[in-house]
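Participant: Below is a structure I'd like to ask you about.
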Amino acid sequence: MSTTRAGGVSKPPFATFNLGDHVGDDPDAVAANRRRLGTTVGLRSPDAGVGDGIVWMNQVHGVHVEVVDSLVDTVDDTDGLVTTTPLLALAVLTADCVPVLMSDAHAGVIAAVHAGRVGAQGGIIVRALQTMVDVGARVKDVSVLLGPAVSGVNYEVPESMAAEVERTLPGSRTTTHRGTPGLDLRAGIAAQLRTLGVAAIDVDPRCTVDDHTLFSHRREAPTGRLASLVWLEPVP
């Protein structure tokens, strides 16, 4: 699931359901929004103490992936989380980058990945998939959702950057609505996943720039961050 910008307590320019604690918003507002999210998705009771049932990342546009097996508030310096623990939600924060949610329901392994241009080029998806396999997943059983992100028609980049990304992440290069060089990272990531053997790939069609119910750093900065979550339900 992915959140929108509605339903929280943050004030402009983070109005209202900002879940990012690194963008300059009031920390109390972010904490309240995170508690509300945990309660809404049923991972935190209203009278619970510390924690909201969600593991957050301090994302750095890198390629480090961390395996977690219990609730911690925030994992520093990582852009991917993997777990086999039921009801432990993994969160990705984005405002144009691609949130990648991965699951092998048969093996009981999930991953949440923050894939911006730098991380996607660097191999964060490959690293996350391999980490899932290391803890029991099988590639052929992995399904993936690529969440809301900036679309290719709105992601204008210099010609040299478009060419560079296409070399390392084939399928990413595209043309914007202005006829200029652009990047469609979701297309490039989907192509990469297929070459790795993942067949079940779904793409949320929403563009963060076009859809004003979503946060977009490219459209307006400073701004808040959306959260995309994945968790395992217990086996009956």
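Participant: Place a +1 charge on the Cβ of each Lys and Arg in segment 66-126 and a -1 charge on the Cβ of each Asp and Glu, then give the dipole magnitude about the Cα centre in debye, rounded to the nearest 20.
Facilitator: For this selection, approximately 220 debye.
Participant: About the Cα centre of the chain, how large is the charge dipole given +1 on each Lys and Arg Cβ and -1 on each Asp and Glu Cβ? Please answer in debye to the nearest 20.
Facilitator: 480
Participant: Quick one: check the C-alpha center-to-center distance for segment 206-236 versus segment 157-177, whole angstrom.
Facilitator: Going from one Cα centre to the other spans 23 Å.
Participant: Of PRO86, ILE54, THR16, which is farthest on the positive side of the dipole of segment 1-127, counting Cα position, with +1 on Lys and Arg Cβ, -1 on Asp and Glu Cβ, and the Cα centre as origin?
Facilitator: Most positive-ward Cα: THR16.
Participant: Here is a further query. Hey, what did the chain get for relative contact order, percent, Cα under 8 Å, at least 6 apart?
Facilitator: 23
Participant: Calculated FRET efficiency, ASP204 and ARG138, Cβ-Cβ r, R0 30 Å, to nearest 0.05?
Facilitator: 0.75
Participant: Express as a percent, rounded to the nearest 5, the fraction of DSSP beta bridges in the chain (both residues included) that run antiparallel.
Facilitator: Approximately 70 percent, going by the DSSP bridge assignments.
Participant: Here's a follow-up. What does the highest-first list of 93-102, 182-191 look like by mean Cβ count within 10 Å?
Facilitator: 93-102, 182-191
Participant: P(r) of the chain in 5 Å steps, Cα pairs, percent per bin?
Facilitator: P(r) for the chain, in whole percents per bin: 1, 7, 15, 19, 20, 17, 12, 7, 3, 1, 0.
Participant: In addition: What is the packing order of peptides 149-158, 33-42, taking the mean over residues of other C-beta atoms within 10 Å and listing the highest first?
Facilitator: Per-residue Cβ counts within 10 Å, averaged per peptide and sorted highest first, yield 149-158, 33-42.
Participant: What would the Debye equation give as log₁₀ I(q)/I(0) for segment 131-223 at q = 0.12, 0.16 Å⁻¹, counting only Cα atoms as equal point scatterers?
Facilitator: -0.45, -0.74
Participant: So what is the 222 nm mean residue ellipticity for the chain from helices alone, if each DSSP H run of at least 4 adds -39500 (n - 2.57) and you divide by all residues, rounding to the nearest 500 deg cm²/dmol?
Facilitator: One gets -6500 deg cm²/dmol as the mean residue ellipticity at 222 nm.
Readers should treat all values here as calculations from the given coordinates under stated rules, not as data from a laboratory. What you are looking at is a predicted structure, and each value in this text was computed from that prediction instead of being measured. We place every Cβ from the backbone using ideal geometry, glycine too, and count neighbours over all the protein chains shown.
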